[in-house]
Each structure stands twice: as structure tokens, then as C-alpha cells.
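Before any comments, here is the structure.
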Amino acid sequence: MYHLYIVENPKGRVGFGIAKDYVERNQFYCGHAGDILKFPVVYGGLRSHAKALEKTIKTELYDDIWTIEKENKDWKTEWLIKGKNRKFLESYINNLIEDRHIKLKIITRDYDFTQE
Amino acid sequence: MSVDKIEKKLDSIDLKLPENWKNFEVQCQYIETDSWAFARRAFSYLNGKGKKPQSKYHLLRNAVNIVRIDKDTTDEEEVAIEKKVAIAENNQCFPVEENSQLLKYPGVFTNIATFNQMTDEEVEIATSWQNKYFHYEPIHVGTFFVFKNLVREFEGSKMILSDKLLEELAGLLQTLFQGMKQYSESCKEAYNLWYKNRFRSEKLKWNDDAYVAGLLHLYQKFGGKESIPPSLLGFVEDFINFFDDDLLELADNNPEEFLKYEEVTRKPNPMVKINPLKRASNKVVSIEDRMNGLVKTKAWQNTMKAWKKENKVFNMDRRPKVSMVKLGDIVIDCNIQRELDEKHCAKIADPKRFDPALMQVLQCIKTTDGKFISTDGQHTATVLAGIFYSLSEKTKLEVK
């Protein structure tokens, strides 16, 4: 099983990503941030569908993605701009899953690795 | 010299065709220098390095605008391009520039080179299929490769590309990959693994034919029964075994379920209203508008900071001069310019296209001994000399 997750930092900015091992991925986020970061929602299913959904988010939410300006080429992160909260992202993903028959299901909510 | 004076001077030039091509004067932009390093560098800059090349999209847009806005249908190639774009637009598919802000919209595509290689029929079938089944996402170039091969091979084999096959392929792409974009990525991953396994080589040679071959082999693995030309299946059939195991295992139980396409609710496509090729007009903007946009950007501000840091000044004396110079007075340095491409010259002089109004200003350096050495434009200069030589009463008899 492969996973697509929503991540939220302590200031409320939300992001997204895909991982085979979401437990380890959550540990990486926490290790970098020096704090516990929650995965408000983790979806599980086919790898190809998780990857396709991530691509769709990057395409359709192009204007809502937090971009870091760099000298030569701007860096599109996997975080949304401020003002786009977890409710917005979860609702957008859930609608996509339903409308486009994407084979992903919510497998856990409000996850962080300390729960293991 | 004022623009009026320059125009009057140009008007006063003898407009008769020269008897001797050497006496024909061309507009020449030059820098007075004896630096050959400058000449070599100038050639590099004028021929690519430091110059923003015109994209395939810009070439296509120009052709479409000439037909649509200017109503000029004298060029068959431009008319054909516009027709093909219209076919795509009719199916809510739209060419856009790479890195465009419009890439988020459904039906857009950027691979103009592949689009240009397709026939009208291939474009019609590919874009109508996209519009019917994947109307909610941009077109991946893999779609063009798949349909180019499908249409050609079905026609070549005198077989019918059935609606059922088209729908089942859409179903397969939807259920396994959520569309062509992810299929293409998965296909390349599988092909990479197959290639490494088969040839023990890390240097992958991707083959665009793998798009259609992988799709059709998967179609058969999932129980697809429609007839397919053998020529499309002869391509490295075992490479599909390198797709993800979790996908291939789905073929073990009720595989035909994965050929069923499920409807996706259609939403209005914003591109219908904002398509730049439909809304094009002879709109102009001032240099000031452009400059105001430019100076706000971080990239520009950083560049200007670097000017200050390096004490860079704009040296007015380094501006090039413009003069009319006789063709016979211009020399070409063989070490700076490329070999003359005679076929390219013949194309420039194609009577259907050749127009003196499109002549480019020659770029030269003028050395202290008064020589004009061409750094760019040898093809233009040679074509002009060739035309006058060939048309001249004195020399035309020599031209067979």
C-alpha cells in the first residue's frame, strides 16, 4: 500500500506528500522541524493513484502552492500558501477522490509517530 | 540622425537592381574594433548564446495569428497549422507555452513539436478521445504518441480502431493510473527496469513507441479482446512485467472490471474563454509598461545590484554604428562563421517566401584598415549576391 498525506506545521500551514512508509516520513518531518508535526489525514491505496493525485494537486492548486523565490528558478514547495487550511485541502482531496474514482481511502487521522 | 532624415536618405537610394552585385549596398551594423575575440564572441551571442530562442509555441502562435487576425492565407503551411489548432480547439484542447500560467487548466498541452508531426486525423482522434474521457486534465504528450501510433498502424493494417477499444483503453488508464500522466511515468519506470535487466546497462535509451506498446500489452493482460495490429504488439512485450506488482496483481481477479470507464462529471473549462489563440488581437503595450513589469522582479533587482557592485557603466562609445556598405566590401572570416549552408541559402531564396522586406541587418566589425568583417549574416549576404548575380543581364547566361 502507498500513502498520500496532509501535513500541518505548528503554525497552521498545510502541505502534502506521498510515501510508502508514512510513519518514517512523519519522523523525518519532526526531525527537521524539531517539533511534533501532525498528519491530519493519511490516505492509502494504489501507488499509481497516490502519485497521480499528488500530481493533480500540484497542477490544479498551482496558484495556492507556497513558492520560495530563488535567484534563477523559483522553488515550488509542497506546502500551501497561508490562508489555505487543512479543511480546504482535505475537502479538495476528498472531492477529487469521489469525482474521479480515485482508489484511495482514509486510513488514519491526526497521526504523529509518537502514537506508535 | 533623425528618423525622418534616415528615411529620406533610404528613399534616395537607387532602387534599380544592380548590374554588379558587388555594388549593392546593404544595411550594416558594426563596431569599430580590431579585436577578433570580440568578433568571435559576437558571433556566439548572435547565434544562440545569450539570445532567447523562439519557442515552438511562438512559431505556432504566429502562424495562427497570421491566418486568424490578419486573414492572410497565402502560406499553405500556416493555413495547415491553423486548421490543426482549430481541430484541437474544437475538442477543447489548447496549445500553450511551456511554463505558462495556463498549465493548470484541462485540455492544455505544451509539446508542440509532437503535435506538429501529427496528421489532422490523428489530432482529431487524440483530442476528441481526451475531451470525451479525460476532459478534466491537461493532455500529456504520451497521448499524442499513443494515438499517432494507433492511427497509423490500424490504417496500415486496414483494421478498424473501434470505439470499444478506445473506451476500454480509457478505462484501463483511469482505473490503473488515473490518466495518461501517471501512466507515462509508470511506463518509463517499467521500461527502465526492463532495460537494465535486459541489457545490464544504466544508460537507458527511451523509446516513445513504448507508450503504446505498454498500454496495449496491459490491455491484453487485463482481458481486452479487441483486435490489435500485430505490429503494435511486437515491441518488447515482456517489459510490462516490470510495472508495479500491486497493479499487475489486479489482473488476477475480474480483470475486465479494470477496462470499464467510469464517467467523471464535466465542469466548464476556463480555457474556452481565455484561450490566447482565440482572444488574440493587435494589442500593443508601451516599453514603459514592459519596463515597469521588469523592474519589479527580484531577478532584475539582483542584476542591477550586481551592476552597482561591479561599478558597471553604460559606455555610449560602445554602441554599434549603422551604415550602408557595398556587398563587395564585406569579407567573411571562415574561422568565425560557420561553413556556408548552400541548401539553407536556396531555402531563403525560395520565391514563395523571399521578400526583401525581411532582409536582416548584417553584423560586422570594422577594422582600422577599413575592412568590414561579417560576424553574422553571411547567408543573407551570399543569397543577395547570388540573386543579383543570377538575375543580372551580364551574368545570367552563366547560370544554368
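Things to note:
- Check on B:Glu189, acidic (Asp, Glu), closer than 17 Å to B:Ile228 by Cβ and either in contact (Cβ under 8 Å) with a residue 40 or more places away in the chain or away from every other protein chain (no Cβ under 14 Å) (or both): no
- Residues that are in a helix (DSSP H, G or I), touching a residue at least 12 places away in the same chain (Cβ under 8 Å), over 17 Å from B:Lys267 (Cα atoms) and not acidic (Asp, Glu) within the stretch B:81-102 comprise B:Ile81, B:Lys83, B:Lys84, B:Val85, B:Ile87, B:Ala88, listed in sequence order.
- Set side by side, the residues B:Gln360, B:Gln337 differ, and just one is among the polar types (S, T, N, Q), assigned to a loop (DSSP other than H, G, I, E, B) and within 30 Å of B:Thr74 (Cβ to Cβ), which is B:Gln360.
- Flag not set for B:Ser227, criterion: farther than 28 Å from A:Met1 by Cβ, at pLDDT below 90 and away from chain A (no Cβ under 14 Å).
- Among residues that are farther than 30 Å from B:Ile69 by Cβ and of a type outside the set (A, V, I, L, M, F, W, C), B:Asn254 is included.
- Matching residues, the stretch B:118-155, being more than 14 Å from chain A (Cβ to nearest Cβ), out of contact with any helix residue (DSSP H, G or I) (no Cβ under 7 Å at 6 or more places or on another chain) and not aromatic (Phe, Trp, Tyr): B:Thr119, B:Ser128, B:Asn131, B:Lys132, B:Arg152, B:Glu155
- Unique residue being closer than 30 Å to B:Pro138 by Cα, among the β-branched types (Val, Ile, Thr) and at pLDDT 90 or above when the list is B:Val322, B:Val272, B:Val295: B:Val272
- Options B:Leu169, B:Leu173; residue that is out of contact with any Lys or Arg (no Cβ under 9 Å at 6 or more places or on another chain), within 13 Å of chain A (Cβ to nearest Cβ), surrounded by 22 or more Cβ atoms within 10 Å (Cβ to Cβ) and outside any loop (DSSP other than H, G, I, E, B): B:Leu173
- Listed conditions (1) among the polar types (S, T, N, Q); (2) at pLDDT 80 or above; (3) over 31 Å from the mean Cα position of the chain (by Cα) are all met by B:Thr380, apart from (3).
- When the residues of the stretch B:291-315 are filtered to those that are within 14 Å of chain A (Cβ to nearest Cβ) and not in a helix (DSSP H, G or I), the one that is nearest to A:Glu69 (Cα to Cα) is B:Thr297.
- Qualifying residue in the stretch B:160-182 (condition: of a type in the set (Lys, Arg) and without any contact (Cβ under 8 Å) to a residue 40 or more places away in the chain): no
- Selection status of B:Ser184, among the polar types (S, T, N, Q) and within 14 Å of chain A (Cβ to nearest Cβ): yes
- Any chance B:Ile31 is touching a Phe, Trp or Tyr at 6+ places or on another chain (Cβ under 6 Å) and in contact (Cβ under 8 Å) with a residue 12 or more places away in the chain: no
- Counting only strands (runs of 3 or more DSSP E) that sit completely within the stretch A:32-116, those holding 3 or more residues that are touching a residue at least 40 places away in the same chain (Cβ under 8 Å) and either away from chain B (no Cβ under 14 Å) or more than 18 Å from A:Val14 (Cβ to Cβ) (or both) correspond to A:38-45, A:75-80, A:104-111.
- In the stretch B:246-263, residue surrounded by the fewest Cβ atoms within 10 Å (Cβ to Cβ) [restricted to those that are more than 11 Å from chain A (Cβ to nearest Cβ) and part of a loop (DSSP other than H, G, I, E, B)]: B:Asn253
- Exactly one residue out of B:Tyr195, B:Tyr191, B:Tyr183, B:Tyr211 is modelled with pLDDT under 90 and of a type in the set (Phe, Trp, Tyr): that is B:Tyr195.
The values are calculated or read from the model by the stated rules, or taken from the named source; none is laboratory data. From a predicted model like this one, the values you see are computed outputs, not experimental measurements. Every residue, glycine among them, receives a Cβ derived from its backbone with ideal geometry; neighbour counts consider all protein chains shown.
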